[in-house]
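The values are calculated or read from the model by the stated rules, or taken from the named source; none is laboratory data. Note that the structure is predicted; figures quoted are calculated from it, not measured. So basically every Cβ, Gly included, is an ideal-geometry build from the backbone, and we count neighbours across all protein chains shown.
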């Protein structure tokens, strides 16, 4: 398996990124990034997977049709991933879905093979919990739009992470590649990256994944840029490092075989102590980069 996919290496058909179980060599997690020109639309069958349609930039309409009827959701979206929390739409397995955009944009389709068919639903931006995780140089922002315990899915877990320039996130390194009830869950994970430019200069960062044991030998040290993807079937992952001057965004997509949909992780024993230092330091004052909009009355 090629674990680092630079921008352009996962293009397929209309998708700027198309990561699926067959291509990734695993069983559950998928990610597509769909660019649409003004007035453009794209129709796809969800098949055996559930999906969340998340605007990265721009607004869109999501229409879902299946044996249970027709649902349609207008997504306000956002200018960019660095400008605000987005609303989103959940569409179930065994449906035909059309994404259309009057002004154009880019839209992430985060997916997971599943067994239960849940109803199509709208996710308001105002309902997305914005979490500040870590302190000091480990400070980052997590938009928990599709987190377990936040929004109901069968298998899919998806969140956004924003890391200010110069900070390290996904730290301490952690893993979720063993089934240990109540302590660790097995989850395949996709990282999709974008960076804030400075005066027209593109940003970049670095991603580390290291082997976690016999048979779990994923080993990556990658320079990552806009549109890059890193696949993590197993292993200690982190840090995700943002170079100074350029904020880093990554979209995490996770799913696994467990009966319980849960993000249960194990910290690397050499670095877990860093969490004990967090109460002694302030959160990076640049955070949050933004908050979720207020709920309308």
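Some observations on this one:
- Contact map, segment 87-108: residues that are at negative phi paired with residues that are at pLDDT below 95 and surrounded by fewer than 23 Cβ atoms within 10 Å (Cβ to Cβ), Cβ distance under 6 Å, separation 6+ or inter-chain. Pairs shown: 95/66.
- Some residue of segment 252-262 being in a loop (DSSP other than H, G, I, E, B), under 23 Å from residue 138 (Cβ atoms) and more than 16 Å from the chain's Cα centre (by Cα): no
- Checked against the criterion of being more than 22 Å from residue 207 (Cα to Cα) and either buried (at least 18 other Cβ atoms within 10 Å of the Cβ) or touching a strand residue (DSSP E or B) at 6+ places or on another chain (Cβ under 6 Å) (or both), the candidates 42, 3 yield just one match: 42.
Here's the yes/no breakdown for (1) under 15 Å from the mean Cα position of the chain (by Cα); (2) buried (at least 23 other Cβ atoms within 10 Å of the Cβ); (3) part of a loop (DSSP other than H, G, I, E, B):
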residue: 119; (1), (2), (3): no, no, yes
residue: 143; (1), (2), (3): yes, yes, no
residue: 153; (1), (2), (3): yes, yes, yes
residue: 166; (1), (2), (3): no, no, yes
residue: 171; (1), (2), (3): no, yes, yes
residue: 191; (1), (2), (3): yes, yes, no
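- Flag: residue 282 does not match the condition of being under 20 Å from the mean Cα position of the chain (by Cα), more than 16 Å from residue 188 (Cβ to Cβ) and either part of a loop (DSSP other than H, G, I, E, B) or modelled with pLDDT of 95 or more (or both).
- Residue match in segment 207-215 (condition: surrounded by 24 or more Cβ atoms within 10 Å (Cβ to Cβ), more than 19 Å from residue 55 (Cα to Cα) and touching a residue at least 40 places away in the same chain (Cβ under 8 Å)): yes
- When we screen 30, 64, 80, 101 for residues that are within 20 Å of the chain's Cα centre (by Cα) and buried (at least 18 other Cβ atoms within 10 Å of the Cβ), the only hit is 30.
- Test for residue 230: is it surrounded by 14 or more Cβ atoms within 10 Å (Cβ to Cβ), modelled with pLDDT of 95 or more and under 19 Å from residue 30 (Cα atoms): yes
- Members of segment 8-22 found to be under 23 Å from residue 208 (Cβ atoms) and surrounded by fewer than 18 Cβ atoms within 10 Å (Cβ to Cβ), listed by number: 8, 9
- For segment 172-202, filtering for residues that are over 21 Å from residue 262 (Cβ atoms) and touching a residue at least 60 places away in the same chain (Cβ under 8 Å) leaves 3.
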